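Q: Mind looking over this structure? Questions follow.
The values are calculated or read from the model by the stated rules, or taken from the named source; none is laboratory data. Just so you know, these numbers come straight off a predicted model, no measurement behind them. We place every Cβ from the backbone using ideal geometry, glycine too, and count neighbours over all the protein chains shown. In case anyone asks, the SASA skips ligands and DNA or RNA and just uses the protein heavy atoms, side chains included. Shrake-Rupley method; radii C 1.70, N 1.55, O 1.52, S 1.80 Å.
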Amino acid sequence: MSRPQEPHRPFFHFANPFRKNSHKGSQFNPKRHSLLNDFETALSKKLQKLVPNDKGDILSLSWMKLAMESLSEIHCDIKNLITELDLPVTEWDEKWMDVYLDISVKLLDISIAFTSELTRLNQDHLLLQYGLHKLESDSPELFSRASSSLDSWKQHIGSKNPRVETCRPILEKLVESLNLPKVKNSSKGKELMRAMYGAKVATTYICSVFAAAFSGSSKNLLDLTVPNTLPWAQVFSDVQNTVNVEIRNILSCGKFTVLRELDAVDACVKELSTLLQDGVGTSERESFKNSVSDLRKTEEKLSQGLDNLLKVVDSFFKIVLMGRDALLCNLRKAGGAVPDSVIGKNV
């Protein structure tokens with residue numbers, strides 16, 4: 001796995017969650033349980049936001065942006081919780097480090113796959129913009145070029161991205177990681193692992209939604225079962241049921257794409273392609289202009305949505321990478337050894 005890295009610089013506004021604190025206490029502090037409750041309450045609220053008032057918003061780029069922003073917030077909340085629990089890396093069990101580091105590298109891999117697909121869609125978008133430019137010139141001599149450009153766009157958009165095909169095995173590994181490690185003689189560790197479990201469930205599920213959307217396959221969509229004793233379990237179940245039913249309904253229609261904004265553009269392109277094939281005579285001029293205008297509006301919405309989603313996926317990547325780097329850096333400073341299971345996986 002490779003990805004250009006920017007120079008390291010402060011990214012978070014909170015303290016390094018893995019550093020050793022000088023105000024450490026070994027006695028039980030009821031506040032720790034309160035911290036866990038606060039995390040799980042926040043998790044429930046973030047999940048609840050993913051059920052829109054209008055189910056038609058599911059798999060819109062704005063909804064996907066909200067989902068990825070929620071993931072970023074959940075991972076930031078985990079880092080805050082580690083800091084507030086006062087659990088320096090020197091007190092981490094090797095199994096906890098295995099969980100954190102192994103999951104983080106899988107999330108970096110799947111984030112790269114999502115970025116690859118969004119970048120591909122953006123690049124193919126240039127063909128659409130070229131065709132629109134020719135159509136808006138209102139010159140019949142250029143309409144054949146416009147039609148060719150729109151056909152090329154449709155062909156490129158419909159092609160498979162090999163990066164997206166790698167999501168399925170990554171998701172399978174993430175599901176395997178949902179087994180909670182046993183924690184002995186550490187109340188802080190138990191609270192951390194329980195919080196991490198909630199973060200892992202939310203992350204694995206949302207990543208499966210993205211993989212299903214980008215691949216156009218329900219095989220990537222997960223149905224996860226969580227213990228109903230957890231305070232966020234019912235909310236998660238409601239979200240998963242609502243979203244999965246809607247996504248499977250969309251996929252069963254056999255549409256060209258399941259992304260709402262992309263589907264809207266495709267509908268406009270089909271309408272214009274039919275007009276261009278039949279010929280744009282005097283009686284069709286007004287209808288033709290309206291169709292071109294509709295395509296411009298949907299194209300702009302698609303372009304903005306792709307740009308916004310790409311930014312939040314990149315932000316999530318950085319959050320995961322910085323958390324991983326912080327753990328490895330502080331582990332080395334503390335004189336500890338990097339777990340064997342992650343040697344060779346460093347980004």
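Q: Starting from region 229-247, take each residue that is on the phi < 0 side of the Ramachandran plot and without any contact (Cβ under 8 Å) to a residue 12 or more places away in the chain and list its partners that are part of a helix (DSSP H, G or I) and of a type in the set (S, T, Y), counting only C-beta distances under 9 angstrom and pairs at least six apart or across chains.
A: Close Cβ pairs (under 9 Å, with a partner that is part of a helix (DSSP H, G or I) and of a type in the set (S, T, Y)) amount to Q234/S44.
Q: Within region 197-244, can you find the residues that are of a type in the set (V, I, T) and under 19 Å from the mean Cα position of the chain (by Cα)? Before the answer, list the steps.
A: So the first thing to find is which residues in region 197-244 are of a type in the set (V, I, T), and the list is 201, 203-204, 206, 209, 225-226, 229, 235, 239, 242-243.
V201, T203, T204, I206, V209, V239, T242, V243, listed by residue number.
Q: Considering only residues that are modelled with pLDDT of 95 or more and either open to solvent by less than 10 Å² (accessible area, probe 1.4 Å) or among the polar types (S, T, N, Q) (or both), which ones fall in region 33-52?
A: Across region 33-52, the qualifying residues are E40, T41, L43, S44, L47, Q48, L50.
Q: Separate question: Please enumerate the residues belonging to region 53-62 that are crowded, with 19+ Cβ neighbours inside 10 Å and either in contact with a strand residue (DSSP E or B) (Cβ under 9 Å, 6 or more places away or on another chain) or not in a helix (DSSP H, G or I) (or both).
A: I58, L59, S60
Q: Identify, by number, the condition in (1) free of Cβ contacts under 8 Å to residues at least 24 places away in the same chain; (2) open to solvent by less than 80 Å² (accessible area, probe 1.4 Å); (3) under 19 Å from W63 (Cβ atoms) that C253 doesn't meet.
A: All conditions pass for C253, except number (2).
Q: Any residue that is without any contact (Cβ under 8 Å) to a residue 24 or more places away in the chain, out of contact with any helix residue (DSSP H, G or I) (no Cβ under 8 Å at 6 or more places or on another chain) and assigned to a helix (DSSP H, G or I) - is there at least one of those in region 81-104?
A: For region 81-104, residues without any contact (Cβ under 8 Å) to a residue 24 or more places away in the chain, out of contact with any helix residue (DSSP H, G or I) (no Cβ under 8 Å at 6 or more places or on another chain) and assigned to a helix (DSSP H, G or I): absent.
Q: Does V280 satisfy the criteria of being crowded, with 16+ Cβ neighbours inside 10 Å, over 24 Å from I157 (Cα atoms) and of a type outside the set (F, W, Y)?
A: Spelling it out, V280 is indeed crowded, with 16+ Cβ neighbours inside 10 Å, over 24 Å from I157 (Cα atoms) and of a type outside the set (F, W, Y).
Q: I'd like the residue in region 307-346 that is of a type in the set (K, R) and open to solvent by 30 Å² or more (accessible area, probe 1.4 Å) and, out of all such residues, is modelled with the lowest pLDDT.
A: Out of the qualifying residues, it is K345.
Q: It is to be established whether one or more residues within region 164-172 are within 20 Å of the chain's Cα centre (by Cα), in contact (Cβ under 8 Å) with a residue 12 or more places away in the chain and outside any helix (DSSP H, G or I).
A: Taking every residue of region 164-172 in turn, at least one turns out to be within 20 Å of the chain's Cα centre (by Cα), in contact (Cβ under 8 Å) with a residue 12 or more places away in the chain and outside any helix (DSSP H, G or I).
Q: For region 216-245, name all the residues that are at pLDDT 95 or above, crowded, with 16+ Cβ neighbours inside 10 Å, under 21 Å from G56 (Cβ atoms) and not aliphatic (A, V, I, L, M).
A: Scanning region 216-245 gives Q240, N244.
Q: Conditions: (1) hydrophobic (A, V, I, L, M, F, W, C); (2) closer than 25 Å to S303 by Cβ; (3) open to solvent by 10 Å² or more (accessible area, probe 1.4 Å). V209 meets all but one. Number of the miss?
A: (3)
Q: In addition: Among L180, L128, L135, L150, which is the only one that is open to solvent by less than 80 Å² (accessible area, probe 1.4 Å), modelled with pLDDT under 90 and over 14 Å from the mean Cα position of the chain (by Cα)?
A: Sole residue among the options that is open to solvent by less than 80 Å² (accessible area, probe 1.4 Å), modelled with pLDDT under 90 and over 14 Å from the mean Cα position of the chain (by Cα): L135.
Q: Checking the structure you have, find out if any residue of region 299-306 is under 28 Å from D223 (Cβ atoms) and either assigned to a helix (DSSP H, G or I) or touching a Gly at 6+ places or on another chain (Cβ under 9 Å) (or both).
A: There is at least one residue in region 299-306 that is under 28 Å from D223 (Cβ atoms) and either assigned to a helix (DSSP H, G or I) or touching a Gly at 6+ places or on another chain (Cβ under 9 Å) (or both).
Q: Taking the condition of being within 22 Å of T298 (Cα to Cα), without any contact (Cβ under 8 Å) to a residue 12 or more places away in the chain and of a type in the set (D, E), how many residues in region 36-75 meet it?
A: 1
Q: Right, something else. Across region 287-304, what is the number of residues that are open to solvent by less than 50 Å² (accessible area, probe 1.4 Å) and farther than 15 Å from C268 by Cβ?
A: Of the residues in region 287-304, 0 are open to solvent by less than 50 Å² (accessible area, probe 1.4 Å) and farther than 15 Å from C268 by Cβ.
Q: If I filter region 79-99 down to residues being under 27 Å from V239 (Cβ atoms) and open to solvent by 10 Å² or more (accessible area, probe 1.4 Å), which single residue comes out as modelled with the lowest pLDDT?
A: Checking each candidate, the answer is V99.
Q: Can you confirm whether region 194-203 contains a residue that is under 23 Å from C76 (Cβ atoms) and surrounded by fewer than 18 Cβ atoms within 10 Å (Cβ to Cβ)?
A: yes
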